[in-house]
1. Wrap a convex hull around the Cα atoms of region B:67-258, take a quarter of its surface area, and give that in square nanometres.
2. Kindly sort A:Asp175, B:Asp221, B:Asp163, B:Asp86 by accessible area of their heavy atoms, largest first, with the probe set to 1.4 Å.
3. Leaving ligands, DNA and RNA out of it, rank B:Asp131, B:Asp199, A:Asp217 by accessible area with a 1.4 Å probe, largest first.
4. To the nearest 10 square angstrom, how much accessible area does B:Met19 have with a 1.4 angstrom probe?
5. Specify the angular offset, from 0 to 90 degrees and rounded to the nearest 10, of the alpha carbon long axis of helix B:84-93 from the longest principal axis of the alpha carbons in chain B.
6. Thinking of chain A as a set of Cα atoms, what percent of all their pairs are more than 31 Å apart?
7. For region B:97-111 and region B:146-178, write down the distance between their C-alpha centroids in whole Å.
8. Would you tell me the mean number of C-beta atoms belonging to other protein chains that fall within 10 Å of each C-beta in B:308-318, as a whole number?
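The values are calculated or read from the model by the stated rules, or taken from the named source; none is laboratory data. In this text, all values refer to a predicted model and were calculated from it rather than measured experimentally. Virtual Cβ from ideal backbone geometry, glycine too; neighbours counted across all protein chains shown. Quick note on the areas: whole protein, heavy atoms, side chains included, nothing else; ligands and nucleic acids left out. Shrake-Rupley method; radii C 1.70, N 1.55, O 1.52, S 1.80 Å.
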Amino acid sequence: MALIELHDIYKVYDMGAEKVHALNGVELTVERGEYLAIMGSSGSGKSTLMNLIGCLDTPSSGSYVLNGTAVQELDDTQLAGIRNKEIGFVFQTFNLLARTDALHNVELPLIYAGLSRQERRERARRALEKVGLGSRMTHQPNELSGGQRQRVAIARALVNDPSILLADEPTGNLDSTTSEEIMQLFDELHRAGNTVVLVTHEPDIAEHAWRKVTLRDGKVTSDQATARATGSDRPAAAAPVS
Amino acid sequence: MVFLENFRIALAALRANLMRSILTTLGIIIGVAAVVAVVSIVQGLQYTITQQLQGVGATFIAVSPKQDRGNFPGVAARQVKLTSDDAQAISEKVPGVKMMSPFILGRATVKFKDRKHNPFMIIGATENYQDVTNQTVDRGRFFSQVDLENHRKVTVIGPKIADELNLGPNPLGKEIYIDVYPATVIGVMEKKGQNLGMDFDDIVYVPFDSAVSLFGRNTADQIQIRLLATGPERVEQVKDGVGRLLRQRHKIPASEPDDFEVQTQDEILKTVNKVLGSVTAVVGGVVGIALLVGGIGIMNIMLVSVTERTREIGVRKAVGARRQDVLVQFLIEAITLSLIGGGIGLALGYGLGALVAKLIPGFPPAHVPIWAVGLAIGFSAGVGIFFGIYPAAKASRLDPIEALRYE
Ligand SMILES: Nc1ncnc2c1ncn2[C@@H]1O[C@H](COP(=O)(O)OP(=O)(O)O)[C@@H](O)[C@H]1O
Ligand SMILES: [Mg+2]
């Protein structure tokens, strides 16, 4: 069974005078351990799709099965639970809590998971070490560079051991050198066995992934392996399910 | 766990906007401070008055003339009389009277050598006044029946008089002047303190007849009477008896009201409590308005806070906060805010009450009963919940995507 199964997904925004079809019958399946980039021009529906996958939003119609659970049947509280345990979301604008140090930012999902203070602290520390910020735990967001902030956000996404790591233009606010470092971190996380889905409109960022899906006007117009997929560093975890 | 965490978050948020938080709670602070100040003063009053009245005993009855207000404006009020003969008739004809003391009140200057003093009052009484009103002489003695019968020029003074006139370590035997009449000090009363603006230590006692010469003949027709019944169970009977007798003696037609007042200790207590109760009620109304204003202030600042922290709410929801988590977080913040206000108000109100009680002479010390503390805390928590629930619900219903996109 695939990790993500999207079937005939529509998302319609009713803007009064006209209806905006942000998603227009999307079909998409993502297997465990995949490294997927979603591409497309601005307004093609990438973020809308990511928000649906991340259970931040629900489709107007269609079915979404995540890790065996039919998401469209869940209520608000259950969706919050899925976001907490199954999903790690990384945003373009980092979305860290201001005036809150890195450790506490990373701890946040664990609070809602109901973990003890001690365990939260321990896991947050490990997650920060994993993204290379072991020495910046007590820094607040405004004391960190853009790349470091995104690392904190990635640590927060990882801290609950989610089934899937989602990133909507994670390098959109970073310079090219920092972008490259962040993408190497994603590569690393993928190699370690994480399923990664990221949105980008930059072709060289997309080339980090193994599979590339292109959206246009809310529809999947192409779905292909990247050049890298044929390379030698392909991990066993991402072996095609045939 | 989540609850504690929410409390921590709330405190951090309030600390981040310390000045704003304090200003927001001002309404609550004022409201709670007002209620606690008034309650502490009223309770202090009630406590001492009750103590004093219970000191005179459950068999105590006061009879005094009631000024007739007249049925028509402009028509002169009838001269109300309560005379020594009335007093005599009561002790002879009303069954159940154990002891009776008539007295008159007046004011006069007292002198000793070059010292002059204007006492709070001069009481002209009979020998059993001391027993009826349950008072103790500290040094010397109260005047006796023999003093009265022989028209001896004696006086018993409150401790303050001895100080004011500078009578020295041994006031007994000294001759002072009450107006122009000389009198020998034969006793000094025990210190009693002040209450309701009355200084019980600043009183001069003289024999009934001396007071009549001092204040004039007609004062003998406007006396006060204090009685003791033979037992608490006979108080009502004595009260009825006195009433019937005085109506008969004063020839009051059945259609007319009494021209005198008979009050038992119980009734005096009730009257005092009624007065203090209405003071509390009026202040309660004012406080209600203050708390309402305070609550609206809290609601307002919480709505601002929810708007300001829309993105934070979005982030929390994105990482798994449920509606109820967000609701509880903001509700606790509102409650914490109003509880802090309530706590400050409580301290301030107590301080204020204590200060007022200290500044006004004759006021008993302020007393905050535990129920008032509970009420203040409960009320401020209630205000926090009532006015915090709407902003908190609003925060909890925010759509995560819209919240994250909020600029
Ligand atoms: N909340 C919304 N209300 C109305 N229209 C929206 C909303 N969110 C997205 N859209 C529209 O849906 C389309 C897809 O948007 P989006 O998924 O953000 O595109 P992308 O991320 O690919 O740039 C756009 O036309 C956008 O204007
Ligand atoms: Mg987008």
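1. Working: hull surface 51.8 nm².
With the hull built on Cα positions only, its mean projection is 13.0 nm².
2. Working: A:Asp175 90, B:Asp221 55, B:Asp163 115, B:Asp86 5 Å².
Ranked list, largest accessible area first: B:Asp163, A:Asp175, B:Asp221, B:Asp86.
3. The ranking, largest first, comes out as A:Asp217, B:Asp131, B:Asp199.
4. Surface accessible to solvent at B:Met19 totals approximately 130 Å².
5. 90 degrees
6. Cα-Cα pairs in chain A separated by more than 31 Å: 21 percent.
7. 15 Å
8. Mean partner-chain Cβ count within 10 Å for B:308-318: 5.
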